[in-house]
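First comes the structure, then the notes that go with it.
The values are calculated or read from the model by the stated rules, or taken from the named source; none is laboratory data. Note that this is a predicted model, so its numbers are computed, not measured. Note: ideal-geometry Cβ built from the backbone for every residue, glycine included; neighbour counts use all protein chains shown. To get the accessible areas, we keep the full protein, side chains included, count just its heavy atoms, and leave off ligands, DNA and RNA. Shrake-Rupley method; radii C 1.70, N 1.55, O 1.52, S 1.80 Å.
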Amino acid sequence: MIGAAVGLDFSPLVPWWVIGALGIAGLALLIYTAAQRGRGVVWRGLALLVLLAALANPYLIAEDRDPRKDVAVLLVDESTSQSIDGRAVRAAEISEELTRQLGRFGDLELRTVTVGGGKGRAAGGRDGTRLFSALRDVLDDVPQGRLAGVIAVTDGQSHDRVEELGGRTLGAPLHVLLTGRRGERDRRLVIEYVPSFGVVGRTVTAKIRIEDADRTAAVPFSMSVDGVPLPDSVIRANQVVEIEIPIEHGGETIVEMKAGPGPDELTEKNNRAVLAINGVRDRLRVLLVSGAPHAGERTWRDLLKADPSVDLVHFTILRPPEKQDGTPVRELSLIAFPVRELFELKLDEFDLIIFDQYQRRGVLPRSYLRNIVEFVRNGGAFLEASGPPFASRLSLANTPLGEVLPAMPTGDIVEMPFRPATTLDGHRHPVTADLPGGPALDADGIETVAPTWGRWFRQIEADVLRGVVLMEGAEGRPLLILDRFGEGRVAHLLTDQMWLWTRGFDGGGPQAELLRRTAHWLMREPDLEENDLRVRVKGDQIDVTRRSLDGELPDVTMTLPDGTELTVPLSRTGPGRGQASFSTDQVGLHAFTDGTLTKLAAVGALNPVEFSDVRTTEDWLGPLAKQTGGSVTWGAEEDIPSLRRVTAGRATSGRDWAGLVRNEDYIVTGVQTVPLLPGVLVLLLVIGGIIMAWRREAG
């Protein structure tokens, strides 16, 4: 308790302008009386003053005050950049000494706020060091009149700006103690520009710069794409350089770049950058050749035209060259079949070629069929939808394309009702696994739900030479086969009755989804790879999924950004599928491998802003310290300043000291009021003055 503070206040009985008007009128009367040499002027004046004072109603106020301690804020930077060059140890020593000094002031409350350094602490972490945000948060709970000062122990790197204070002025000094050294040098890799996506099969251009104190340094540079290293090179420092990055598949492509260390490195963490570029496919160009009009021809056309990612070129052979019936040439077709343009000049412009019930009829020479074989061997895709002609002597199996096809006809056509079924490999393969309306298997491969697909009535019997049978038909005969040929891929459908599903016969089936998946598998869609290791990241949660066509699910080894290796066991979730989910507390590139497949995944910011520039600086906090009368001290080179309490309005910093303002704030716990002119006293004084004036004038 400071005690009772006494003050004078007024509570006028009438408005102040009335009191003023009465005072002016009374003064005029007194002046007139004095001019007339009246002898009672003094007493009349005293009576007037007492009356005016009574109208003003003065009283004494006695306040009981409870003093409030001033608040000093100690802002300690514990971000990851403080782990460099002994800064963390230096920050701990400085903080300990400041805490000791602040403990000597009994009228001071200390509030310590850490920035970064862990979960639940103020403003830091993956968004970098946010000193101003942390300062704003603590100032929101401190009244302006109680803030004695702010002391920040930091390397000076803040990744937010003073605007984060929300326009609030400190009203107290900011003292900054820097944990680093003047003139620090550090080499760093800067990403100037990187596209967010690229077209599969092409390259994208990224722009980078290696920042170094040596303006002309030749810096070794290395890069890897999805873990595969590319040839090393040398880049001149401080120049923007364009880097070509190949995009070889859809989905995320992880690119890791690294610049060689410099002579005066603070850390090599910012010599490295990780980029994630999403690979997207250009529109697929599909060539569909129907050997003859048939019931399922429109089904193929409609399914392909309905896919917005497909550009379809469709030709139907209505009349073979050997047919001579006298029909005028102008009535044979709308346009001529551009055989040479399609199968010689522009064949490589297509992504997928589909032959639907095509047979040898002299339309395509054998040389053009050999071109298709080379097209597939070099990475193209081919789909054969076989009808009865495939079992005849005019079968494509008896052409050069027989080298590509995974099955050879026996010459028999099976005509009997059957429901297509998924094989065990089909349940493991993403093209046919979990098709709508199909059979469902549990993790042990036991069927739990029977299929509801409609029946088909014709199938071409064939012997499987190679590839994987995903669907089977009548009496277990192969129905859908997928295969790889050279660098390309092949699909073989041994029926011409998929159109029955399209028309909903006997309940129909998922013909659109089956064809879409088959076409996209042929085009190497990552989500449809049968042997694949996939990693999905959401926040700090990681989901690892392994697909295996042989059903084996080996454990996955995960390498954390700090080099630690952990074994991740997979839980079987279905035929040939295993999954594991877990969280990580490390930010950066995580590598996964099962001995055969390798996958990279970035958790958090790919290139943490915390390490974008680790040099100690006073550029961000220095201006605010100067504006508030505070100080900047380089803790690695100068002594820790001594702390003093100073009265408001005085200097708050000196050569070797830092001041904290003494605000002397308080709260009022009680108020007592005492009137100075009670009514009885006023009445006696006024009457007494009038009587004395009357006696003076009478005498």
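Given the C-alpha centroids of the stretch 194-244 and the stretch 350-403, what is the distance between them in whole angstrom?
So the two Cα centres are separated by 44 Å.
Assign unit charges at the C-beta atoms only (+1 for Lys and Arg, -1 for Asp and Glu), then state the dipole size of the stretch 129-265 relative to its Cα centre in Debye, rounded to the nearest 20.
I would put it at about 480 debye.
On the accessible surface of the stretch 401-526, probed at 1.4 Å, how many percent belong to carbon and sulfur atoms?
49
Excluding residue 228 itself, calculate the net charge of residues whose Cβ lies under 11 Å from the Cβ of residue 228, where each Lys or Arg counts +1 and each Asp or Glu counts -1.
-3
Could you work out how far apart the two model spin labels at residue 412 and residue 280 are, taking each label as a point 7 Å from the Cα in the direction of the beta carbon, and quote it in nm?
The two pseudo-label positions are separated by 5.1 nm.
Mind pulling the angle between the C-alpha long axis of helix 16-35 and the longest principal axis of the chain? Nearest 10 degrees, somewhere in 0 to 90.
It is inclined by approximately 20 degrees.
Express as a percent, rounded to the nearest 5, the fraction of DSSP beta bridges in the chain (both residues included) that run antiparallel.
Percent antiparallel among DSSP bridges in the chain is about 65.
Using the charge dipole of the chain (Lys, Arg: +1 at Cβ; Asp, Glu: -1 at Cβ; taken about the Cα centre), state which of 229, 257, 49 has its Cα farthest towards the positive end.
Final value for the positive-end residue is 49.
In degrees between 0 and 90, to the nearest 10, how far off the longest principal axis of the chain does helix 366-377 point, with axes built from Cα atoms?
That helix lies at roughly 40 degrees to the long axis.
On a 0 to 90° scale, report how tilted helix 679-698 is relative to the longest principal axis of the chain, with both axes built from alpha carbons and the result rounded to the nearest 10.
Taking Cα atoms only, the helix is inclined about 40 degrees.
Nothing charged except the Cβ atoms of Lys and Arg (+1) and of Asp and Glu (-1): what's the magnitude of the dipole of the stretch 547-636 about its Cα centre? Round to the nearest 20 debye.
With Lys and Arg at +1 and Asp and Glu at -1, about 240 debye.
Once you sort the root eigenvalues of the Cα gyration tensor of the stretch 75-117 as a ≥ b ≥ c, which label holds: rounded (a/c under 1.5), prolate (a/b larger than b/c) or oblate (the other case)?
oblate
Taking 0.36 nm per residue of sequence separation and subtracting the Cα-Cα distance, how much length would be gained by fully extending the chain between residue 205 and residue 222, in nm to one decimal?
Taking residue 205 through residue 222 to full extension adds about 4.5 nm, to one decimal.
Using only DSSP helix segments of four residues or longer, with each worth -39500 (n - 2.57), what per-residue ellipticity at 222 nm results for the chain after dividing by its residue count and rounding to 500?
-5500 deg cm²/dmol
For residue 591, what is the net charge nearby, where nearby means another residue's Cβ is under 13 Å from its Cβ and Lys, Arg count +1, Asp, Glu -1?
My count for the surroundings of residue 591 gives -4.
Can you give the accessible area per residue of the chain, in Å², using a 1.4 Å probe?
About 49 Å² of surface per residue is accessible.
What's the local net charge at residue 459, with K and R +1, D and E -1, over the other residues with C-beta under 11 Å away?
Every neighbour counted, the sum reads -4.
Within the stretch 576-639, report the GluC sites (Glu not before Pro) that DSSP leaves as loop and that have at most 11 other Cβ atoms within 10 Å.
Qualifying residues, ordered by number: 637.
Over the stretch 125-261, what number does the Rg to Rh ratio reach, with both radii from the alpha-carbon atoms and Rh per Kirkwood?
1.15
Quick one: with all protein chains in place, what share of the accessible area of the stretch 170-232 is carbon or sulfur, to the nearest percent (1.4 Å probe)?
52
Go through 538-545, 396-403 and give me the packing order, highest mean Cβ count within 10 Å leading.
396-403, 538-545
How large is log10 of I(q)/I(0) for the chain at q = 0.05, 0.11 Å⁻¹ when the intensity is taken from the Debye formula with one equal scatterer per alpha-carbon?
Debye curve over Cα of the chain, log10 I(q)/I(0) at q = 0.05, 0.11 Å⁻¹: -0.51, -1.13.
Of the listed peptides 260-271, 225-236, what is their order by residue-averaged count of other C-beta atoms within 10 Å, with the highest listed first?
Peptide ranking by packing, descending: 260-271, 225-236.
When ranked by the protection proxy of mean other Cβ atoms within 10 Å per residue, highest first, what sequence do the peptides 174-182, 342-350 form?
Most protected by this proxy first, the peptides run 174-182, 342-350.
Computed FRET efficiency, Cβ-Cβ of residue 424 and residue 346, R0 30 Å: what is it to the nearest 0.05?
0.15
Keeping to pairs on different chains or 8 or more places apart, tell me how many lysine pairs in the chain have Cα atoms under 27 Å apart.
13
Let me spell out the model: positive unit charges on the Cβ of Lys and Arg, negative unit charges on the Cβ of Asp and Glu, origin at the Cα centre of the chain. What dipole size does that give, in debye rounded to 20?
2820
Using a Förster distance of 45 angstrom, determine the FRET efficiency expected from the C-beta separation of residue 536 and residue 503, and round it to 0.05.
0.75
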